[in-house]
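Asker: Structure below; questions to follow.
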Amino acid sequence: MGEEQERSGRNSRRSPRFVSGHAFRGCGKTHLYFGKDEIQGGMRGNQDEQEEVFSYIPLEKRVPPDHPLRRVREMTDRALQELSGWFDSLYAQTGRPSIPPEQLLRAQILQALYTIRSERQLMDQIDGNWRYRWFVGLKLDDEVWDVTVFTQNRDRLLQGEVSQKFFERVRAQAEAAGLLDDEHFTVDGTLLEAWASRDRFEPKKDPPQRGSGVRGRKLLRDLHESKTDPEARLYKKSAQGPSKPSYLGHVITENKNGLIVQSCVTEAGRRAELDAALAMLGAITGGTREITVAADKGYQDEKCITGMRALRVVPLVAEFKASKNWKNWLQESERQHSRFASSQKMRRRVEKVFAWIKTVAGLRQTKLRGRGRIDWLFRLTAAAHNLVRMVKLVPAR
């Protein structure tokens, strides 16, 4: 008798406990309560800790149809498809397959778009983010590259003008969409801090005979060089603050939508900034048609203004106040130009371009060393900036 009561007691503890005559309210779901070690049903979901073996949802379905990355990927693929034949010339026909150049460039663009600080962090983000995997072109089960493998394969692209050609293809898409102004432009430059320390400068073995200062005066940057990045020069664009190892990044933007049409990186120096402006303007005009260009007072230089006129460029450059120390070189017809006031107002847009490049894209202080490598990355970042702008300017299909 005692054993039967004990068994019936255990069975009653295991069976569901209903309240007789109770009317369930709320959502109408039935609540079942089991013992401590048994499944509990109700509003609270059950946590299934068993690992899945297969996934039947492709990465394409995991990216929302209206996600901005879709538009960026579409325009990026269109530009890369035009470069496919040229990529073949960069690689040997035999040997071990490397990372596809299309995936390398998509990964670099992704790093600029989402402010990813380093290549190591980029690999970690691609590994754990399905949308990043989809954008780069990796499948769900593909192994992400080791960071050293990624950087070594990228060096192959650094040897060719890949970033410039990609930039030109993106610019051509903007031109085909009617987003570019082909008459009115703005030129400016910004300071890019080098990946070097001021404390690591040491005297040059072969200093130049003539310095880069006024009347050939030798400055500190002429007599010393960085042990970490020899091409970086001590420079500052304002009177306040210390000189830092730096490069100069230059862009020309069109005045219609603020898109970049030319970009480059030079050594830090006032003369280099003016020469870069003339070189980029020459690439736009070719001396065949007249255009206007707006600029700040830093371009109020006799040689620069004369060079612009030789290229059939109307210089709409901001002027200094009347002073015996600062001369203005504009002609009266240029001061009275109908586009002078509006161009100076549009010129402020270029500061937004530099703000995006230095903060979002992370080029306030570059992680690469050497002018050639930084120039390559700067042009690719300029293309990424245009892609972001074009997503907002080009209507969705």
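Asker: Pairs please, first residue from the stretch 88-115 and closer than 18 Å to W134 by Cα, second anywhere and modelled with pLDDT under 85 and surrounded by fewer than 20 Cβ atoms within 10 Å (Cβ to Cβ), Cβ atoms under 9 Å, 6+ apart in sequence or on different chains.
Answerer: The qualifying pairs are P101/L90; P101/Y91; P101/R156; L104/R156.
Asker: Can you find even one residue in the stretch 258-272 that is in a helix (DSSP H, G or I) and β-branched (V, I, T)?
Answerer: No, the conditions are met nowhere in the stretch 258-272.
Asker: Among the residues of the stretch 190-235, write down those that are among the basic types (K, R) and either in contact with a strand residue (DSSP E or B) (Cβ under 7 Å, 6 or more places away or on another chain) or part of a loop (DSSP other than H, G, I, E, B) (or both).
Answerer: Residues of the stretch 190-235 among the basic types (K, R): 198, 200, 204-205, 210, 215, 217-218, 221, 227, 233.
Across the stretch 190-235, the qualifying residues are R198, R200, K204, K205, R210, R217, K218, R221, K227, R233.
Asker: Determine if the stretch 47-59 includes at least one residue that is modelled with pLDDT of 80 or more and within 30 Å of L157 (Cα to Cα). Steps first, please.
Answerer: Step one: list which residues in the stretch 47-59 are modelled with pLDDT of 80 or more, which gives 58-59.
Restricting the remaining residues to those that are within 30 Å of L157 (Cα to Cα) gives 59.
Within the stretch 47-59 (the criterion being modelled with pLDDT of 80 or more and within 30 Å of L157 (Cα to Cα)), the answer is yes, since at least one residue qualifies.
Asker: Condition (residue is more than 24 Å from R70 (Cα to Cα), modelled with pLDDT of 95 or more, small (G, A, S) and not assigned by TED's automatic domain parsing to the domain that holds P65) applied to the stretch 160-177: is it met by at least one residue?
Answerer: Taking the stretch 160-177 as the starting set, the residues that turn out to be more than 24 Å from R70 (Cα to Cα) are 160-161.
Keeping just the survivors that are modelled with pLDDT of 95 or more gives none.
Within the stretch 160-177, not a single residue is more than 24 Å from R70 (Cα to Cα), modelled with pLDDT of 95 or more, small (G, A, S) and not assigned by TED's automatic domain parsing to the domain that holds P65.
Asker: Out of all the residues in the stretch 339-363, which are more than 25 Å from P68 (Cα to Cα) and basic (K, R)? Don't jump to the end; show me each part of the working.
Answerer: Filtering the stretch 339-363 down to residues more than 25 Å from P68 (Cα to Cα) leaves 339-348.
Matches in the stretch 339-363: R339, K345, R347, R348.
Asker: Also, I was wondering about something else. Among S238, S333, S323, which is surrounded by fewer than 13 Cβ atoms within 10 Å (Cβ to Cβ), assigned by TED's automatic domain parsing to the domain that holds V187, at pLDDT 90 or above and outside any strand (DSSP E or B)?
Answerer: Working: S238 fails: at pLDDT 90 or above; S323 fails: at pLDDT 90 or above.
None of the others qualify; the one that does is S333.
Asker: Residue check, T94 against (1) surrounded by fewer than 20 Cβ atoms within 10 Å (Cβ to Cβ); (2) at pLDDT 95 or above, all met but one. Which one?
Answerer: Evaluating T94 over (1) surrounded by fewer than 20 Cβ atoms within 10 Å (Cβ to Cβ); (2) at pLDDT 95 or above leaves (2) as the failure.
Asker: Being free of Cβ contacts under 8 Å to residues at least 60 places away in the same chain and either among the hydroxyl-bearing types (S, T, Y) or within 24 Å of I357 (Cα to Cα) (or both) narrows it down to one of L192, L220, L234, so name that one.
Answerer: L234
Matching residues to (1) closer than 15 Å to I116 by Cβ; (2) among the polar types (S, T, N, Q); (3) modelled with pLDDT under 95:
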{"site": "A361", "(1), (2), (3)": "yes, no, no"}
{"site": "I374", "(1), (2), (3)": "no, no, no"}
{"site": "L377", "(1), (2), (3)": "yes, no, no"}
{"site": "T381", "(1), (2), (3)": "yes, yes, no"}
{"site": "A384", "(1), (2), (3)": "yes, no, no"}
{"site": "L387", "(1), (2), (3)": "no, no, no"}
{"site": "M390", "(1), (2), (3)": "no, no, no"}
{"site": "L393", "(1), (2), (3)": "no, no, yes"}
{"site": "A396", "(1), (2), (3)": "no, no, yes"}
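Asker: Looking only at the stretch 352-397, how many residues end up being hydrophobic (A, V, I, L, M, F, W, C) and not in a helix (DSSP H, G or I)? Show your work before the answer.
Answerer: Of the stretch 352-397, the ones hydrophobic (A, V, I, L, M, F, W, C) are 353-357, 360-361, 363, 368, 374, 376-378, 380, 382-384, 387-388, 390-391, 393-394, 396.
Subset that is not in a helix (DSSP H, G or I): 361, 363, 368, 394, 396.
Total satisfying the criteria: 5.
Asker: Would you please name the residue that is surrounded by the most Cβ atoms within 10 Å (Cβ to Cβ), looking only at residues in the stretch 100-157 that are among the acidic types (D, E) and more than 17 Å from L59 (Cβ to Cβ)?
Answerer: Among those that are among the acidic types (D, E) and more than 17 Å from L59 (Cβ to Cβ), it is E119.
Let's see how each residue does on (1) in the same structural domain as F378 (by TED's automatic domain parsing); (2) among the hydrophobic types (A, V, I, L, M, F, W, C); (3) closer than 16 Å to H250 by Cβ:
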residue	(1), (2), (3)
R270	yes, no, yes
A279	yes, yes, yes
V293	yes, yes, yes
K297	yes, no, no
Q300	yes, no, no
M308	yes, yes, yes
M346	yes, yes, no
K358	yes, no, yes
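Asker: Also: Please go through the stretch 347-362 and pick out each residue that is under 8 Å from the mean Cα position of the chain (by Cα) and surrounded by 22 or more Cβ atoms within 10 Å (Cβ to Cβ).
Answerer: Within the stretch 347-362, I357, A361 qualify.
Asker: Then there's this: Quickly run through the stretch 169-228 and pick out the residues that are touching a Gly at 6+ places or on another chain (Cβ under 7 Å) and not small (G, A, S).
Answerer: Hits for the stretch 169-228 are T190, L192, R210, R217, K218, L219, D222.
Asker: Got at least one residue in the stretch 240-260 being without any contact (Cβ under 8 Å) to a residue 40 or more places away in the chain and within 24 Å of the chain's Cα centre (by Cα)? Spell out how you get there, then give the answer.
Answerer: The initial filter retains those residues of the stretch 240-260 that are without any contact (Cβ under 8 Å) to a residue 40 or more places away in the chain, namely 240-241.
Applying the additional criterion that residues be within 24 Å of the chain's Cα centre (by Cα) yields none.
No; the residues of the stretch 240-260 include none that is without any contact (Cβ under 8 Å) to a residue 40 or more places away in the chain and within 24 Å of the chain's Cα centre (by Cα).
The values are calculated or read from the model by the stated rules, or taken from the named source; none is laboratory data. Values in this document were obtained by computation on a predicted structure and should not be read as measured data. Here Cβ is always computed from backbone atoms with ideal geometry, including for glycine, and neighbour counts include all displayed protein chains.
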